[in-house]
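Some notes on the structure that comes next.
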């Protein structure tokens with residue numbers, strides 16, 4: 001199972017302060033209607049099928065392969081790839097992404113170990129999740145019966161930005177790029193890295209040297225700089241790091257906040273604090 005910022009197999013979490021805050025309770029009731037594992041798994045399935053169809057088409061001299069269920073193929077495949085997978089398509093070739101999809105699907109289907117993803121994987125997961133959420137939300141409005149075939153939730157639209165805010169550990173692949181969603185909390189660190197890079201470059205330092213400095217200063221994922229440089233994907237960075245189930249990667253989320261700068265959240269578990277921060281973020285972005 002892949003390790004996200006929260007446990008994607010946990011669907012029934014109750015926030016310790018939702019009883020006293022009706023708006024927070026409504027937000028948590030929405031969270032309990034989501035099927036996080038299914039959102040991720042269905043997104044990977046859709047991405048794999050789409051990419052596999054196109055690669056088979058290319059291998060068949062740009063002719064529809066025998067037995068293919070796909071009716072239409074793009075006339076400009078590189079453009080289709082960039083449009084369909086805007087982040088992955090910016091950093092990796094279709095064949096590399098296809099290999100990562102196979103790896104991620106296998107990890108999602110394994111419940112004997114935890115698998116830690118790298119920035120390459122988070123990039124692919126971001127695109128595949130965005131695509132399946134778009135399909136599902138459109139079906140809920142236009143064809144609810146078919147939406148139930150995917151069933152990413154108990155009949156509610158999935159808020160993609162909020163889903164990413166809750167489950168992605170970082171968005172380092174967005175460094176020095178323009179995000180398509182605000183992702184305000186996750187982008188704070190990205191902005192810090194960008195400010196560091198721009199300041200050093202303004203002083204005349206070389207871009208690649210500055211990125212190396214930023215990687216050390218901000219503890220960037222080992223795959224982030226190779227990805228930003230568009231280096232060929234090495235086997236070690238493409239691999240998922242396996243962690244034993246005994247390590248309990250989510251244990252710290254249930255520990256109470258006892259000190260630090262999170263004064264409004266003192267006494268809450270880190271998990272409750274994360275949900276509440278994202279709830280407050282959504283509330284601040286919603287017109288009165």
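Determine if the stretch 257-272 includes at least one residue that is under 21 Å from the mean Cα position of the chain (by Cα), touching a residue at least 24 places away in the same chain (Cβ under 8 Å), farther than 20 Å from residue 122 by Cβ and crowded, with 17+ Cβ neighbours inside 10 Å. Before you say what the answer is, go through the steps one by one.
The initial filter retains those residues of the stretch 257-272 that are under 21 Å from the mean Cα position of the chain (by Cα), namely 270-272.
Next cut, touching a residue at least 24 places away in the same chain (Cβ under 8 Å) only: 271-272.
Cutting the leftovers down to farther than 20 Å from residue 122 by Cβ gives us 271-272.
Checking which are crowded, with 17+ Cβ neighbours inside 10 Å leaves us with 271-272.
Within the stretch 257-272 (the criterion being under 21 Å from the mean Cα position of the chain (by Cα), touching a residue at least 24 places away in the same chain (Cβ under 8 Å), farther than 20 Å from residue 122 by Cβ and crowded, with 17+ Cβ neighbours inside 10 Å), the answer is yes, since at least one residue qualifies.
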- Message: So, in the stretch 221-246, exactly how many residues are farther than 22 Å from residue 102 by Cβ and in contact with a helix residue (DSSP H, G or I) (Cβ under 6 Å, 6 or more places away or on another chain)?
- Response: 2
- Task: Might you check whether a residue that is exposed (fewer than 11 other Cβ atoms within 10 Å of the Cβ), more than 16 Å from the chain's Cα centre (by Cα) and either at positive phi or at pLDDT 95 or above (or both) occurs anywhere in the stretch 178-193?
- Result: yes
- Task: Within the stretch 232-265, count every residue that is at pLDDT 90 or above and touching a strand residue (DSSP E or B) at 6+ places or on another chain (Cβ under 8 Å).
- Result: 9
- Task: Just give me the residues in the stretch 81-123 being closer than 17 Å to residue 6 by Cα and not in a helix (DSSP H, G or I), in sequence order.
- Result: 111, 113, 114, 115, 116, 117, 118
- Would you be able to say whether some residue in the stretch 64-76 is closer than 18 Å to residue 129 by Cα and surrounded by 13 or more Cβ atoms within 10 Å (Cβ to Cβ)? no
- Query: Hey, any hits in the stretch 196-210 for a residue that's surrounded by 13 or more Cβ atoms within 10 Å (Cβ to Cβ) and either at positive phi or in a loop (DSSP other than H, G, I, E, B) (or both)?
  - Reply: yes
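So, in the stretch 236-256, of the ones that are free of Cβ contacts under 8 Å to residues at least 24 places away in the same chain and assigned to a loop (DSSP other than H, G, I, E, B), which residue ends up nearest to the chain's Cα centre (by Cα)? Before the answer, list the steps.
Filtering the stretch 236-256 down to residues free of Cβ contacts under 8 Å to residues at least 24 places away in the same chain leaves 236, 246, 248, 251-252, 254-256.
Going one step further and asking which of them are assigned to a loop (DSSP other than H, G, I, E, B), we end up with 248, 255.
Numbers: 248: 21, 255: 24 Å.
Here the answer is 248.
Going through the stretch 161-177 one residue at a time, which ones are closer than 10 Å to residue 189 by Cβ and either assigned to a helix (DSSP H, G or I) or over 11 Å from the mean Cα position of the chain (by Cα) (or both)? Spell out the reasoning first.
Initially, the stretch 161-177 is screened for residues closer than 10 Å to residue 189 by Cβ, giving 170-172, 175.
Within the stretch 161-177, 172, 175 meet the criteria.
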- Note on the structure: Scanning the stretch 233-250 residue by residue, those buried (at least 16 other Cβ atoms within 10 Å of the Cβ) and within 16 Å of residue 93 (Cα to Cα) turn out to be 233, 237, 238
- Message: I'm trying to understand the selection: among the residues of the stretch 143-160, which are within 23 Å of residue 181 (Cβ to Cβ) and not in a loop (DSSP other than H, G, I, E, B)?
- Response: 147, 150, 153, 160
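The values are calculated or read from the model by the stated rules, or taken from the named source; none is laboratory data. Since the structure is predicted, the reported quantities are computational estimates derived from the model, not experimental observations. Using ideal geometry, Cβ is built from the backbone for each residue, glycine included, and neighbour counts are taken over all protein chains shown.
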